[in-house]
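Colleague: Okay, here's the structure, questions in a sec.
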Amino acid sequence: MMKSKQLLAFLLTFVLVLSLAACGGKEGNSDASGDGGASVAAPEDQKTGGADNGLETGGSDLAYVQNKGTLVVGMTDFAPMDYRDAGGNWIGFDADMASAFAESLGVKVEFQEITWDYKVMELNAKSIDCVWNGMTLNDEVKAAMDTGNAYCLNAQVLVVPADQAADFENLTSLEGMNVAVESGSAGEDAAEALGASTTAVAKQADALMEVSAGTADAAVIDLLMAGAMIGEGTNYANLTYTVNLNTAQGLESEEYGVGFRKGSDLVSAWNDFWAAAVADGSVLETGTTYGVQESLILE
């Protein structure tokens, strides 16, 4: 009987020791893993390229893009820079060069159509990796993003019905006119600076529709788009463009640039890519394909 009691006491003591050891183990791991389980080191790919890896933690944007295998390009429907072909694929001067840039990084390109007003938000949220869409390098853009070297010249022009073009010659004010503009664009700034009452639309192509339908007196869009989308042989043969609004305001021609997150090392990668693409003739070849004048392309 005594032996049974001793055995029972020994077993109870042994169970108690095991319980205390288990509790101690849980408490020791809770700070390391956050879930009370064993602490496991993160795989190397999660350390350098996971969704949370970014410039805010000192990471490399280039490594982030290469690790996930895609360069996500934020853009809008904006011929001749970015637009869809008959098969629904994105093509254009910017789209083709973006594809070439992605290839130079060893990744695939992915095009993400965005609302232009939200481009900075999309970029910082990592929904996109760059903004590449005939983006004018104004002070607002330069304050919100890091940009590569300017790659193309541009200007804002006034689009009007062709049969009214003579009425707009030597125009220096848009007061009393209803002008369609892309929301958040350089065209909107230019129209408002000249006193226009503006109707903001989602895309520059929509601004052309407003003028063609007679719901706006005129539109202000980029010179490059105007040259490609209006006039004889286009869907807007009844429209023409006149008045370089940069000249009317005494401004220099604008410059296009590609925007990246602040501090991004993709900027230097892009600058190197563009210099090489200019040197090997691929930039000029792409410009010729899409009607971008050689005189507007910057080296």
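The values are calculated or read from the model by the stated rules, or taken from the named source; none is laboratory data. The shown structure was predicted, so the numbers you read here are calculated from the model rather than taken from an experiment. Every residue, glycine as well, gets a Cβ built from its backbone with ideal geometry; the counts of neighbours run over all protein chains shown. For the accessible areas, the whole protein counts, side chains as well, though only heavy atoms, and no ligand, DNA or RNA atoms are used. Shrake-Rupley method; radii C 1.70, N 1.55, O 1.52, S 1.80 Å.
Colleague: With θ set to phi - 60° and the Karplus curve 6.51 cos²θ - 1.76 cosθ + 1.60, what are the ³J(HN,Hα) couplings of segment 120-136 in order, to the nearest whole Hz, using x for Gly and Pro?
Modeller: 5, 4, 4, 5, 5, 7, 6, 6, 9, 9, 7, 10, 9, 6, x, 8, 6
Colleague: Another question about this same structure. Using a 1.4 Å probe on the protein heavy atoms only, what accessible surface does residue 223 show? Give it in Å² to the nearest 10.
Modeller: 50 Å²
Colleague: Still on this structure, please answer the following. Binning at 10 Å from 0, report for segment 195-247 what percent of all alpha-carbon pair distances ends up in each bin.
Modeller: Result, from short to long distances: 23, 61, 16, 0 percent.
Colleague: Enter the accessible area of residue 236 (Å², nearest 10), with the probe set to 1.4 Å and all protein chains included.
Modeller: Taking all protein chains as shown, residue 236 has close to 30 Å².
Colleague: Is the shape of segment 58-144 rounded, prolate or oblate, going by the alpha carbon gyration tensor and its root eigenvalues a ≥ b ≥ c, with a/c under 1.5 for rounded and a/b larger than b/c for prolate?
Modeller: oblate
Colleague: Then there's this: Enter the accessible area of residue 273 (Å², nearest 10), with the probe set to 1.4 Å and all protein chains included.
Modeller: 20 Å²
Colleague: Amide H of residue 109 versus every other amide H placed in the peptide plane: which residues, excluding those fewer than 5 positions away on the same chain, fall under 5 Å?
Modeller: 71
Colleague: My understanding is that a pair violates if its Cα-Cα distance is over 21 Å; which of 108/203; 68/203; 68/126; 126/262; 108/142; 68/142 do that in this structure?
Modeller: Cα-Cα > 21 Å for 108/203; 68/203; 108/142; 68/142; rest within.
Colleague: Say R0 is 30 Å: what FRET efficiency, to the nearest 0.05, do residue 289 and residue 169 get from their beta-carbon distance?
Modeller: Rounded to the nearest 0.05, the efficiency is 0.35.
Colleague: Considering the zone a paramagnetic label at residue 209 would reach in this model (a point 7 Å from Cα along the Cα-to-Cβ line), which residues of segment 83-126 have amide N under 15 Å from it?
Modeller: Inside the label zone: 84.
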